[in-house]
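The values are calculated or read from the model by the stated rules, or taken from the named source; none is laboratory data. A quick note: this is a predicted structure, and the numbers were derived from the prediction, not measured. Cβ placement follows ideal geometry from the backbone for every residue including glycine, while neighbour counts extend to all protein chains displayed. We work out accessible area using only protein heavy atoms, side chains counted, and drop any ligands, DNA or RNA first. Shrake-Rupley method; radii C 1.70, N 1.55, O 1.52, S 1.80 Å.
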Amino acid sequence: EAPLFYAYAPGRVNLIGEHIDYCGYSVLPMAIEPNILAAVSVNTSGTITLANTNPQYKDYSVSCSEDIAIDRENPKWHYYFLCGVKGIQEKFGIAQLAGMSCVVDGTIPPSSGLSSSSALVCCAGLVTMEANQKSLSKVALAELCAKCERYIGTEGGGMDQSISFLAEKGTAKLIEFQPLRATDVKLPDGAVFVISNCCVEMNKAASSHFNIRVVECRIATKMLAQARGLDPSRLMKLAQVQTELKASLEEMLALVDEVLHPEPYGREEICKALGITSEQFSTELLSANTQHEMHFKLHQRAKHVYGEAARVLRFKSVCDSKPADSVQLLGDLMNQSHASCRDLYECSCAELDQLVDICLKSGAVGSRLTGAGWGGCAVSMVPDEKVESFLQSVREAYYLPDPRRAAMEKQSLFVSRPGGGAAVLLEE
């Protein structure tokens, strides 16, 4: 049958500000051309039927009258879609959802750090809202999709859903939280951003790496609060400690050095410092898939977050003030960000480090992992006049020597002009 409407949600590349949105800090992404697209028809069948143009993602259907269950242990593609459906259903208290058939297509490489999963959740939220004749602002949709993606178990901070809905063509965005807002960031002329996939897949919901970092930041928040006489029970994010202390980011970095030791913390030491039981530790601080963790690197994680938050603000200020050496200054900030992700946050991997190194040797002024890390993509800032030689050099040094990478190279290495458009509904 012919679709009634289409819904589109873009992927994104985060230029700087990694792993800090869930700590309450601003990030600086832009939407990219690769996207998730759904064709939708609405019916009275009482069933939601999902199909994917890629045969490796199996068809799925669920009755509109049963409670939508999302299996965290088994994060299949359709569960991400159902996160968006469930989010809209709960927001509006819809007892009986409209029946619909959706065919989903996508050009974002999966598990690559370019937000394929969040784009799918956003697309599903948009589809469900329209099919059930409801209406929300873009900001409300972004906040709703950030919350409902947690049904799959990922404790993200909201950057990916926010840029998917709030993006505008031709500009990157500074995304701030509490309240959510997006400000245009005009990138300097004379350079482009090139995205390169290291070809190691990383599924955030299927592994605990990501949530362990969220937990370490939560514990660090409480330890810093306790050390400064604040009530740790009501603070969950590192940004909240800074706000309460009315301190600068530089002062927070000094506080981390003063209060937290670089050696990993054990459970017992944390419980003792915070005056909580090991049961409280498990229920109040850990998430479902981090219950097994015994050691926590609080000093390193907090140091990365406060340092990276400062780099985001510097990046924005360079873009706003446009000094003559803008491109070089932004490149330096990207390089510092990668070093911090690699050494303090430990969210890189050998292949990403090798790829970043190759990108810098091939003419990039700055190169860093983007997205959660542990695989996925690097983003590099490359002067206009070097783009062709850069692409050729990266192709020869990273992709062609390895048959698997060589086969993926066409969709793994591409120039991204500032800002694709935001998620939209398209009428047939």
Task: Single match in Glu33, Glu73, Glu66, Glu130 (criterion: modelled with pLDDT under 95, within 16 Å of Ala9 (Cα to Cα) and among the charged types (D, E, K, R)) - done: Glu33
Task: Criterion: in contact (Cβ under 8 Å) with a residue 12 or more places away in the chain and out of contact with any strand residue (DSSP E or B) (no Cβ under 9 Å at 6 or more places or on another chain) - qualifying residue of Glu351, Glu308, Glu396, Glu388 - done: Glu351
Open item on the list: Restricting to the stretch 15-62, give me the number of residues that are closer than 30 Å to Phe193 by Cα, open to solvent by 60 Å² or more (accessible area, probe 1.4 Å) and β-branched (Val, Ile, Thr).
Closed with: 1
- [ ] Taking Ala146 as the residue in question, decide whether it is more than 26 Å from Pro3 (Cβ to Cβ) and either without any contact (Cβ under 8 Å) to a residue 12 or more places away in the chain or touching a Leu at 6+ places or on another chain (Cβ under 9 Å) (or both).
- [x] yes
- [ ] Tell me, please, whether a residue that is among the small types (Gly, Ala, Ser), at pLDDT 95 or above and out of contact with any strand residue (DSSP E or B) (no Cβ under 7 Å at 6 or more places or on another chain) can be found in the stretch 248-264.
- [x] yes
Task: Residues within the stretch 164-197 that are in contact with an Asp or Glu (Cβ under 7 Å, 6 or more places away or on another chain) and over 29 Å from Asp325 (Cβ atoms), tallied - done: 2
Task: the stretch 410-428 residues that are farther than 27 Å from Cys102 by Cα and among the hydrophobic types (A, V, I, L, M, F, W, C), paired with ones that are modelled with pLDDT of 85 or more and open to solvent by 50 Å² or more (accessible area, probe 1.4 Å) (beta carbon under 8 Å, 6 or more apart) - done: Leu413/Arg395
- [ ] Name, by its number, the condition in (1) part of a loop (DSSP other than H, G, I, E, B); (2) farther than 30 Å from Leu355 by Cα that does not hold for Ser111.
- [x] (2)
TODO: Could you check, for the stretch 86-104, whether at least one of its residues is in contact with a strand residue (DSSP E or B) (Cβ under 8 Å, 6 or more places away or on another chain), under 25 Å from Phe210 (Cα atoms), at pLDDT 95 or above and assigned to a helix (DSSP H, G or I)?
DONE: no
- [ ] Could you identify the single residue in Leu82, Leu120 that is under 24 Å from Leu413 (Cα atoms), assigned to a helix (DSSP H, G or I) and not hydroxyl-bearing (Ser, Thr, Tyr)?
- [x] Leu120
Open item on the list: Please determine whether any residue of the stretch 44-61 is touching a Pro at 6+ places or on another chain (Cβ under 7 Å), in a strand (DSSP E or B) and aliphatic (A, V, I, L, M).
Closed with: no
Open item on the list: From the list Lys76, Lys91, exactly one residue is surrounded by fewer than 24 Cβ atoms within 10 Å (Cβ to Cβ), over 30 Å from Leu413 (Cβ atoms) and of a type outside the set (A, V, I, L, M, F, W, C). Which is it?
Closed with: Lys91
Open item on the list: Among the residues that make up the stretch 271-292, is at least one of them exposed (fewer than 13 other Cβ atoms within 10 Å of the Cβ) and among the charged types (D, E, K, R)?
Closed with: yes
- [ ] Residue by residue through the stretch 257-268, note down the ones that are surrounded by 15 or more Cβ atoms within 10 Å (Cβ to Cβ) and either within 27 Å of Val312 (Cα to Cα) or without any contact (Cβ under 8 Å) to a residue 12 or more places away in the chain (or both).
- [x] Val259, Leu260
Task: Inter-residue pairs, beta-carbon under 8 Å, first at positive phi and in contact (Cβ under 8 Å) with a residue 12 or more places away in the chain and in the stretch 317-341, second in a loop (DSSP other than H, G, I, E, B) and open to solvent by 10 Å² or more (accessible area, probe 1.4 Å), 6+ apart - done: Lys322/Pro188
- [ ] Starting from residues that are touching a residue at least 12 places away in the same chain (Cβ under 8 Å) and more than 19 Å from Arg12 (Cα to Cα), keep the ones in the stretch 357-380 and report whichever is surrounded by the fewest Cβ atoms within 10 Å (Cβ to Cβ).
- [x] Lys361
- [ ] Please determine, by comparing only the residues of the stretch 153-178 that are modelled with pLDDT of 90 or more and β-branched (Val, Ile, Thr), which one is nearest to Gly371 (Cα to Cα).
- [x] Ile163
